[in-house]
Amino acid sequence: MMFCKSCGAQISESDKFCTQCGTPVDRDSAAPSTDIDATPQEAQVTDQTEYKDFTYSPMPNDTQQAQPAQKKPFNKKIIILIAVLVLVFIGITVGGILAMNNIRHKKIRKQKTINVNEYVEFEVKGYNGQGEAIVRIDYDDLFDAVMKAIGGNNASGAKKYIYRATALEVCDGIFFKATPDKELSNGDKVRIEMEYDETAVKEAGIVLEFEGYDVKVKGLNDVNTVDIFEYVELTFQGRSGAAWVSYENTAKDRGLRDVHFTINNNYNLSVGDEFTLTVNDYYVDMLLDDYGIVLKSTSKTYKVEKGNVDSYIESLSEVSESLLNEMKEYAEEEIEDIYRWEWDMEISDIEYMGMYLISPNDTNSYYGNYAFVIYTGTVTFDDEDREPVKVFLPVQVNNLIHNADGSQECDSWVSLWDDGRSDGDSECTGYLSEINMFLDVFNEENLLSFTYEISEGMRDYYDNPLEPELPTEKETQFQTGLEGTDADMDMAR
């Protein structure tokens, strides 16, 4: 048994250094083991040895020999050097592991990162001042990049379907914003930014990168402003109150010649009515996109003028001299024809008296008009005992028209009115009094749907056409021997 000469710790046969203090073992001077009698002092040493393993308590006479030897500095430097080397080794190892992990992490991140800028295309369509920014994405290539990033290219079966659905959700969630995006002119700057569905990208486990950028607008051609209505020719058909219009586009240039219009309020047109032509939206966009043409206006309102359609004469002042002469001719022929067949009487002294003009009012859906050309004449009888009588002869003329070309006309078919009464034994065609004629033509029922005008020199027996009053008793005294009449005017005959 050997003990350390410095600290007294027990040393095994194979130890080269003390396991307690590190002092090199000098086997020649190491304290040998000795047998000591069992004395009280031995007992004390034994107890101490049991309490502290490998502890040696030298005897008094061994004090000088048991003094610990001075430690050499060289031994601590070795320990420190070893420790430093160990720490350096550990540091290099840990650093290498971290570096490898970092490289691996960057590699994985790079594999899962998609630079969307590579798949974006930008253009400006249209014309200077009317340009429109369009941002497109190469969807197919982006989809392939997403599939590769999520590792779906090598999948098969149902798993392949799941990967494709994930990639579709990512791609469909990507949007681009161009600011501004409309009414662009050369020299304008447009900012391109990306928006995407963050949830879909996160669930896919990938990273989308996009660097916003500015684009300068250039290369837009100037637009050509055109008044399309310069090429519109209108054709009116029908008569006022029942007229309609059609149009023709006379443009010869490509694009312009293809334009069509819609017409509102194109039925039952009357002089003074308005209607509007409007260019269909499709042609507005087509002209701008394909031909660089901007329409000066896309709609125009027209008014039906007298020169556009044939119209019914609404006032006696509109009746031209030529039309009046034509109406007189028709009326005189009608009177002569009627009395030509009267074998026991004849008429003479036929004179033009005046005219009634009758037009439908706002409550009447009829668009025509009527005129009564009024004549007087003297009827004489074959019976010499009968006195000649004066008669009033209203001849109805239909449809007094003011043509679009400025001419006027009326229907050639006319009709002589009479009250159907007789003078003695013979009938006398016509009316024996002016008031009888007036009341027959302008009866109360007719006044509810028509308005009338009477020429100068003739009497109006109503104070208000819409609220007719019967003539006073005094006004009818000269009608001795005549009865009142309830005959209505048959406007259709």
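Numbers at a glance
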quantity: Residues in segment 220-239 that a label on Ser297 would reach, taking backbone N under 20 Å of a point 7 Å out along Cα→Cβ; calculated: 224-236
quantity: 15 Å beta-carbon shell around Lys182, net charge (K/R +1, D/E -1); calculated: -3
quantity: Per-residue ³J(HN,Hα) for segment 186-203, Karplus 6.51 cos²θ - 1.76 cosθ + 1.60, θ = phi - 60°, Hz, x for Gly and Pro; calculated: 4, x, 5, 9, 10, 8, 10, 10, 10, 10, 8, 7, 5, 5, 5, 5, 5, 5
quantity: Loop-located GluC sites (Glu not before Pro) in segment 288-330 whose Cβ has at most 15 other Cβ within 10 Å (DSSP); calculated: Glu305
quantity: Accessible surface ranking that places the most exposed of Trp417, Trp343, Trp244 first, with a 1.4 angstrom probe; calculated: Trp343, Trp244, Trp417
quantity: Size of charge dipole - segment 339-431 - debye, nearest 20, with Cβ of Lys, Arg +1 and Asp, Glu -1, no other charges; calculated: 560
quantity: Trypsin sites (Lys or Arg not before Pro) within segment 245-317, DSSP loop, no more than 16 other Cβ atoms inside 10 Å; calculated: Lys252, Arg254, Lys296, Lys306
quantity: For a label point 7 Å along the Cα-to-beta-carbon line of Thr451, residues of segment 393-407 with backbone N under 12 Å; calculated: none
quantity: Within the accessible area of segment 356-403 (1.4 Å probe), percent carbon and sulfur; calculated: 43
quantity: Surrounding net charge for Phe143, when Lys and Arg each add one and Asp and Glu each subtract one, Cβ distance under 14 Å; calculated: -4
quantity: About the Cα centre, charge dipole magnitude for segment 254-384 (Lys/Arg +1, Asp/Glu -1 at Cβ), debye; calculated: 1660
quantity: For Asp362, net neighbour charge (Lys/Arg +1, Asp/Glu -1) across residues whose Cβ lies under 14 Å away; calculated: -2
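The values are calculated or read from the model by the stated rules, or taken from the named source; none is laboratory data. These numbers were taken from a predicted model, which means no experiment stands behind them. Here the Cβ is made from the backbone with ideal geometry for all residues, glycine too, and neighbour counts use every protein chain on show. For accessibility, only protein heavy atoms count, side chains too; no ligands or nucleic acids. Shrake-Rupley method; radii C 1.70, N 1.55, O 1.52, S 1.80 Å.
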